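Enquirer: Structure below; questions to follow.
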Amino acid sequence: MFVVAFVSFSLFNFVGDPVNSMTGEDASDERRAEVREVLGLNDPVYIQFSRFIGNIVQGNFGISYQLKREVSDLIGERLPATLELVFVSAILAIIIGTILGVYTGIHRDSFLSNVILVISLAGVSLPTFIIGILLIYLFSVILGILPSFGRGEVTDLGFWTTGFLSTSGLKALILPSITLSLFQMTYVIRLVRAEMMEILQTDYIKFARARGIENNTINYKHALKNGLIPVITITGINIGTLIAFSIITETVFQWPGMGSLFINAVYFVDIPIMSAYMIMVAFIFVMINFIVDITYYFIDPRIRLKEESS
Amino acid sequence: MSLLEIKNLNISYKTRKETIVASSNVNFTLERGEILGIVGESGSGKSTIANAIINLIDPPGEITSGVIKIDNNELQNNEEIIQKIRGRKIGFVFQDPQTSLNPLFKIKDQLIETIQTHLKLSYEDALKKSINLLEEVGIEDAYKRIEDYPHQFSGGMRQRVVIALAISCEPDLIIADEPTTALDVSIQYQILELLKKLTKKRNLGVIIITHDMGVIAETTNKVIVMRHGVIVEQDNTKDLLTKPKSTEARSLVISVPPTNKKIHRFKLISPDGKEITSSSANLTKNIIKTWGIRENTNKKLLKLLNITKIFDDRSISYRKKLIDEKAVKAVNDVSFELFEGETLGLVGESGSGKSTIAKIITGLVRPTTGELEYNNFSLYNSKKKYQINKSRGQIQMIFQDPYSSLNPRFKVRDIIAEPLKFFQKNITKHDLEQSVFDLIDIAGMTRQSLDRYPHEFSGGQRQRISIARALATRPRLLICDEPTSALDVSIQAQILNLLKDIQDELHLTMLFISHDLPVIRQMCNRIIVLKNGIICETNEAETLFKNPKHQYTKELINLMPKIESII
Amino acid sequence: MIKKTFNRMYDTDIGYSFFNSKIAIISSTVFFIIFLCSFFAGLVAPYNPFDPASVSLMDAFTPPIWSDGGSSSFFLGTDQQGRDMFSTMIYGSRISLIVGFASIIFAMFLGVILGVTAGYIGGRYEIIVMRITDVQLTIPTILMALLVDGIARAVISRSMHDEMAIYVLIFAIGISEWPQFARVTRASTLVEKNKEYVSASRIIGLSNIIIMFKHILPNILRPILVIATIGLALAIITESTLSFLGVGVPPTTPSLGTLIRFGNNFLFSGEWWITFFPAIFLVVLALSINLLGDWMRDALNPKLKKR
């Protein structure tokens, strides 16, 4: 976290010249000096850094070069849109992915498994933006039943704007969340399948069979519980990846979230937004990892007991 | 009416190149109260039969024909019927207790699940029964331990839990596939005693599959000897061990190292049934020529002084030179000397630190404290860095696992040539070729094998290649770390003979590490007994076996399975 | 001679599995056709889309040959600048493949060296390398590549950036994929390191470099190869995604992603082919590589031998 903060700080300070971006190339020297003074760029580096950290803790990320607005305001506006999209996609990807993964892992050679696998492989090979374009073409251009851009009607809850409460908001969510979740879903399917297949070959499964335990119990109780352990890790990484891929989905669907804000920032070298985005994402990642570790602790007795004994 | 009857059983594995017959025309019967042993070398199809009885053969193997009857009821190839019989009529015990239990479920859950699958019992009754079962297999505080997870039990205890699971639904037949191979001698004894006790008490039929003739002698009533999927001989245990008729059975019996006396060489049976005592003495002439003549001077070659090794780095404070009192010491204050030309045996159970000592001598692991001297020269400098240049090539090692000790991507020729080239930088092509030939000759392999890769050879042949590689550096000290524990007995006998010959001819000093007391007795002049990293007893080999002083040594010698016990 | 080599290949387990897997044969054929086409783009493509003499704005928005208004000289139609779609795609796939291969080789080089040394040497060095790997693994490829690209844009002036774009892109994708290699290499090295042939080499006294790269590396090539194949597909997809987002290769040398980006603007006005064909082409390319990688993973994994 600290490392990310430092990287984004150095980005902020040493990369490009913020004075140039704020004042324009043709500003007078006095004007430049004034801006430098206001921004505190004449102070020693460590003071600047501690001020930078202090600002972040207070939720102050500076002012966007391009949009000339407080970055924290911009993020406050955009964050709900991205989080809702990621949330819906994550649930889709993990639940459907796990179910299909378990099925294909157990019924290894069945026809349906093979179909699912071929489709999942196609899913891995389809870049997110192509999925998005195809869905838009099919449902918006040809069929015209779902909107191709925007969030639809949103309800303002004061600190949060949600699209969950209106029909058009929910409708607008369908295509982007499918687009976003498809790639991750295929990933989950393949991982869970591989894990299940490996577990079904272990000695303790063979021993359970030798004890006469029924096949369904073995598959859905013994194997499944072991097979779900990696799903927890994947869920963590998954949400991170979804946040990253939301950049693409948001671009394709003109979804007013953090991702489209960020991609514009990259395009226009708007460093305050870039560094703020990085810090936000890093923060979310750290939180996710923390939650994953805790979940592990509760699910796997081997980890739990090792911790207790030491 | 027999408990188990097997008639004309044929099992084969179809691979793309050929169909491998895993068992053909197998016939035998088993009565209640009887323990049947099935022996044979690896690949003889003994485990396949066990799996066939409960219809758990791994594909592509399948039963092609034959009848399996339990209490005169034929077991069809019908998964549903067999599922009801598994666990209920037949209990199964696998080799490795570490992997047989599901790590995420409590012992309680696994027992109750099995019981409720087969018997109509309420949860409370099943729990009560489970606790009784754990007590019956000798687990103390059963009502408490039943709440634990598998990894909280030691290996021996886990195997008891596995046995408790196997007998939980009062089956009539127990099949144990190498039930004690993964366990130490003392625990092996307890598990076998438990099986014997249960057989009597519950009037069970038991099949024990093993490669260990000692286990056969001490536990079974009758024995089946298998080879290439065919039963070559079956008889009651005593007759088979004293008067084996078939070549295979004779070979098995004769190659077992005797526990009660020392013999000079192992006798071997050639495929046509004759006894042979091969010798590789004449093959070493060339090597002796290039090495120069060595003589046994009986002077001190290696000295270990107060060697201690702690693997857990956190418990050592290097700065203060302090060691945490509670730290687990893999090797604890070990000192001994090794004299030129002798074979010193290091014996102990798993975790006794014997392999760690070998690694310290070869420089694979640094000692935490202590001194190591080779030819009066310290092998570790003050910073505990191995001073390999001084002893380079003089200390070599033969490893336990022939399947991982050779680099699979190298041809045998390159495996042997690499150390030669390393020590003789400007060796001519001709000399190199000659040296490689000499070495492969000593190891008793053909020169054609030089152009092949390790995976084309059997375990015994690979061990011979290992020996050739070790000799390439002209060593004076050869460390053998369980060199035969992965091999079948007849192959073990060949390799041990080869090691003896090489030592005699080349005047090597040997440090021989094993958990197998009979093997140690045959190979060594002196023996050190280790337990938990501490030396219990050091003595001349014969004195130690005839008159053990330390309690632990006595225990080991008493508990080892003895093939002579029945003869 | 050829027959003999073929028989020998067929005799190995891998060869057997290959010649008995329709998927493996088809996908590798498709991949090689695309590879050869883009390699010899000048010979295969009917037009050179970057030669102003051969491009005329008059031809812009010609639909494919089978649609109304299609022209027999432009088999798959033309784009908004009047460039032949088929030729543009072939040249575009060349850029995609170059970036894909270059970045994966870069990632492999970095990842394998760090992975082998971390696994073999261990200690504090290993902890540091693996910590970096773990942190980077949680950062998704696309985000990492975007960040590197964003920083590069800030550092390099805009006029320079177009020239440098392709190198920046290779670096960005490469740097975001190396942790995969490092992780797999290290895990395999740890397994190999504990095998006794490595101990034997150490006892002989061979140097660590020789043990790592002559003894261990050849034994862990298989998983690395699998990762490289799947990584290649991922790299191509990442490249096209970045180009689609407008931060990849410059429009003057369009890759498949750039073409789709342009075409996307005309999707609603009915000129579907400008987006559609490059998209299909990209999917076929990625799919053939992925299928190949998938087959390879199963064929090379001894644990999952066909039941």
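Any read-out appearing in this document is the output of simple, stated calculations on the displayed coordinates, not a laboratory observation. None of these values were measured; they are calculated from a predicted model. Cβ coordinates were reconstructed from backbone atoms using ideal geometry, including for glycine residues, and neighbour counts include every protein chain displayed.
Enquirer: What is the angle, in °, between the Cα long axis of helix B:429-442 and the longest principal axis of the Cα atoms in chain B? Nearest 10 is fine, range 0 to 90.
Expert: Relative to chain B, helix B:429-442 is tipped by roughly 50 degrees.
Enquirer: Please identify the chymotrypsin sites (Phe, Trp or Tyr not before Pro) of the stretch A:110-219 that satisfy two criteria: DSSP loop assignment and at most 14 other Cβ atoms within 10 Å. Which are they?
Expert: Hits after loop and neighbour filter: A:Phe159, A:Trp160, A:Phe164.
Enquirer: 7 Å from Cα along Cα→Cβ at both B:Lys196 and B:Lys299: what's the point-to-point distance in nm?
Expert: 5.2 nm
Enquirer: Rounded to the nearest 500 deg cm²/dmol, what is the calculated helix-only ellipticity per residue at 222 nm for chain B, with -39500 (n - 2.57) per DSSP H run of length n ≥ 4?
Expert: -10000 deg cm²/dmol
Enquirer: Taking Cα atoms, how many degrees apart are the long axis of helix B:155-167 and the longest axis of chain B, rounded to 10 and kept between 0 and 90?
Expert: Taking Cα atoms only, the helix is inclined about 20 degrees.
Enquirer: Once the piece of chain linking B:His228 and B:Arg447 is laid out straight, how much longer is it, given 0.36 nm per residue of separation minus the C-alpha distance between them?
Expert: Additional length available on full extension: 76.0 nm.
Enquirer: Relative to a virtual label point 7 Å from the Cα of C:Ile121 in the Cα→beta-carbon direction, which members of the stretch C:196-210 show backbone nitrogen distances below 17 Å?
Expert: Counting backbone N atoms under 17 Å from the label point, the list is C:207-210.
Enquirer: Also, quick follow-up: Show me, for the stretch B:197-210, the HN-Hα J-couplings you get by feeding each phi into the Karplus relation (A = 6.51, B = -1.76, C = 1.60, θ = phi - 60°), rounded to Hz, glycine and proline as x.
Expert: 4, 5, 4, 5, 5, 9, 6, 8, x, 10, 10, 10, 9, 7
Enquirer: ³J(HN,Hα) across the stretch B:508-523 via Karplus (A = 6.51, B = -1.76, C = 1.60, θ = phi - 60°), whole Hz, x for Gly/Pro?
Expert: Whole-Hz 3J(HN,Hα) from phi for the stretch B:508-523: 7, 9, 10, 10, 10, 10, 7, 9, 9, 4, x, 4, 4, 5, 6, 9.
Enquirer: Another question about this same structure. If you take each beta carbon of peptide A:115-127 and count the beta carbons of other chains within 10 angstrom, what is the mean?
Expert: Taking all residues of A:115-127 together, the mean is 5.
Enquirer: On full extension of the chain, what length is gained from B:Lys245 through B:Glu135, given 0.36 nm per residue of separation minus the C-alpha to C-alpha distance?
Expert: Contour length minus Cα-Cα distance gives 35.3 nm.
Enquirer: Run the paramagnetic zone check for B:Asp58: 7 angstrom along Cα to Cβ, then residues of the stretch A:187-223 with backbone nitrogen under 11 Å.
Expert: Counting only backbone N, you get A:201-203.
Enquirer: Angle between the Cα long axis of helix B:412-423 and the longest principal axis of chain B, 0 to 90 degrees, nearest 10?
Expert: Helix B:412-423 and the main axis of chain B meet at about 30 degrees.
Enquirer: Between B:Asn376 and B:His151, what FRET efficiency follows from the Cβ-Cβ distance if R0 is 51 Å, with the result rounded to 0.05?
Expert: 0.60
Enquirer: Which chymotrypsin sites (Phe, Trp or Tyr not before Pro) in the stretch C:16-47 pass both tests, a DSSP loop state and at most 14 other beta-carbon atoms within 10 Å?
Expert: Answer by residue number: C:Phe40.
Enquirer: Ok, one more. Apply the Kirkwood formula to the stretch C:148-218: the hydrodynamic radius equals the inverse of the mean of 1/r over all pairs of different alpha-carbon atoms; give it in Å with one decimal.
Expert: 15.1 Å
Enquirer: For the modelled label position 7 Å from the Cα of B:Gln116 along Cα-to-Cβ, which residues of the stretch A:180-221 have backbone nitrogen atoms closer than 18 Å?
Expert: Within reach of a label on B:Gln116: A:208-209, A:211-221.
Enquirer: Right, next: At A:Thr295 and A:Tyr267, where each label point lies 7 Å from the Cα along Cα→Cβ, what is the point-to-point distance in nanometres?
Expert: That separation, rounded to one decimal, is 3.5 nm.
Enquirer: Roughly speaking, what is the stretch gain from B:Ser186 to B:Lys546, that is 0.36 nm per residue apart minus the C-alpha to C-alpha distance, in nm to one decimal?
Expert: This chain segment gains 127.7 nm when fully extended.
Enquirer: Give the peptides C:252-258, C:132-138, B:108-114, C:191-197 in descending order of average Cβ contacts within 10 Å, highest first.
Expert: Per-residue mean Cβ counts within 10 Å order the peptides as C:252-258, B:108-114, C:191-197, C:132-138.
Enquirer: What shape does the stretch C:229-290 take by its C-alpha gyration tensor, where a ≥ b ≥ c are the square roots of the eigenvalues and a/c under 1.5 counts as rounded, a/b above b/c as prolate, and the rest as oblate?
Expert: Taking the square roots of the gyration eigenvalues as a ≥ b ≥ c, the stretch C:229-290 is oblate.
Enquirer: At a 10 angstrom cut-off on C-beta neighbours, averaged per residue, how do the peptides A:258-264, A:272-278 rank from highest to lowest?
Expert: A:272-278, A:258-264
Enquirer: For chain B, what ratio Rg/Rh do Cα atoms give with a Kirkwood hydrodynamic radius?
Expert: Over the Cα atoms of chain B, Rg/Rh equals 1.00.
Enquirer: Would you calculate the separation in nanometres between label points at A:Leu138 and A:Asp73, each defined as 7 Å from the Cα along the Cα-to-beta-carbon direction?
Expert: Those two pseudo-labels are separated by 4.2 nm.
Enquirer: Now a separate question. Calculated FRET efficiency, A:Leu228 and B:Tyr13, Cβ-Cβ r, R0 30 Å, to nearest 0.05?
Expert: 0.35
Enquirer: Here is a follow-up. Ordered by packing density, taken as the mean number of other Cβ atoms within 10 Å over each peptide's residues, highest first, how do B:471-484, B:253-266 rank?
Expert: Ranking the peptides B:471-484, B:253-266 by packing returns B:471-484, B:253-266.
Enquirer: In peptide C:214-222, what is the residue-averaged number of other protein chain Cβ atoms found within 10 Å of each Cβ?
Expert: Partner-chain Cβ atoms within 10 Å, mean over residues of C:214-222: 2.
Enquirer: Something else about it: Take the Cα atoms of the stretch C:157-307, build their convex hull, and give its volume per residue in Å³.
Expert: It is 143 Å³ per residue.
Enquirer: What FRET efficiency, computed as 1/(1 + (r/R0)^6) with R0 = 41 Å and r the Cβ-Cβ distance, is obtained for B:Asn260 and B:Val67, rounded to the nearest 0.05?
Expert: My answer for the efficiency is 0.40.
Enquirer: What is the mean number of Cβ atoms from other protein chains located within 10 Å of the Cβ atom of each residue in peptide A:196-206, rounded to a whole number?
Expert: Going residue by residue through A:196-206 and averaging, the value is 4.
Enquirer: Give me, ordered by chain and number, the residues 5 or more places off B:Gly353 or on other chains with an amide H under 5 Å from its own placed amide H.
Expert: B:Gly533
Enquirer: I would also like to ask the following. Amide H neighbours of B:Gly345 under 5 Å, counting only residues 5+ apart in sequence or on other chains, H built in-plane at 1.01 Å?
Expert: Distant-sequence amide H within range of B:Gly345: B:Phe512, B:Asn525, B:Arg526, B:Ile527, B:Ile528.
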